[in-house]
Amino acid sequence: MRVGLRNNPLPPFSKGELPTQFEKEPEKIISNIEEIAVSTLVIAELNYGAKSSQNPEKNLEKLTHFIDIIRIIPFDLSCAIKFGDIKSKLRTIGKPTGEVDALIAATAITHNAILITNNLKHFENIDGLKMENWLE
């Protein structure tokens, strides 16, 4: 089973430190490294965060290393179609979500991945999306 991560459980480059779950449960990350993947959209967000941080050179180096060791899930045509389905459905039921959240959810659903996030509420109205919160 592949696991897609949302950006918030990943290193907060703007602060230049590892999040607490990496310190508390590194074995969870390490033991699942073969199953972990991130969307190209998460890479885009991380790149922006690294470049906008107080220490862009150091954080871009961390990002490059991260990209070298993690599987990357592309946002492709199937993801684009699923994104349209998600946004349309959420608008119809009066429960809109952010663009990037819908794009990442579409990627996870299309690639049959579990979305790892500590913002479960952001995604609760998206049908077919499997999620886990590794901080609980």
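Structure values in brief
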{"read-out": "Of all residues in the range 35-65 being over 18 Å from V100 (Cβ atoms) and under 16 Å from the mean Cα position of the chain (by Cα), the one that is modelled with the lowest pLDDT", "value": "E35"}
{"read-out": "Selection within the range 70-100 - within 18 Å of A37 (Cα to Cα) and either surrounded by fewer than 16 Cβ atoms within 10 Å (Cβ to Cβ) or touching a residue at least 40 places away in the same chain (Cβ under 8 Å) (or both)", "value": "R71, I72, I73, P74, D76, S78, V100"}
{"read-out": "Scan of the range 104-136 for residues that are in contact with a helix residue (DSSP H, G or I) (Cβ under 7 Å, 6 or more places away or on another chain), of a type outside the set (V, I, T) and surrounded by 22 or more Cβ atoms within 10 Å (Cβ to Cβ), ordered by number", "value": "A105, A106, L115"}
{"read-out": "Any hit, the range 91-111, residues being outside any helix (DSSP H, G or I), modelled with pLDDT under 90 and touching a strand residue (DSSP E or B) at 6+ places or on another chain (Cβ under 9 Å)", "value": "no"}
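The values are calculated or read from the model by the stated rules, or taken from the named source; none is laboratory data. Note that the structure is a prediction, hence the values are computed from the model and not measured. A quick note on method: Cβ atoms are made from the backbone with ideal geometry, for glycine too, and the neighbour counts reach across all protein chains shown.
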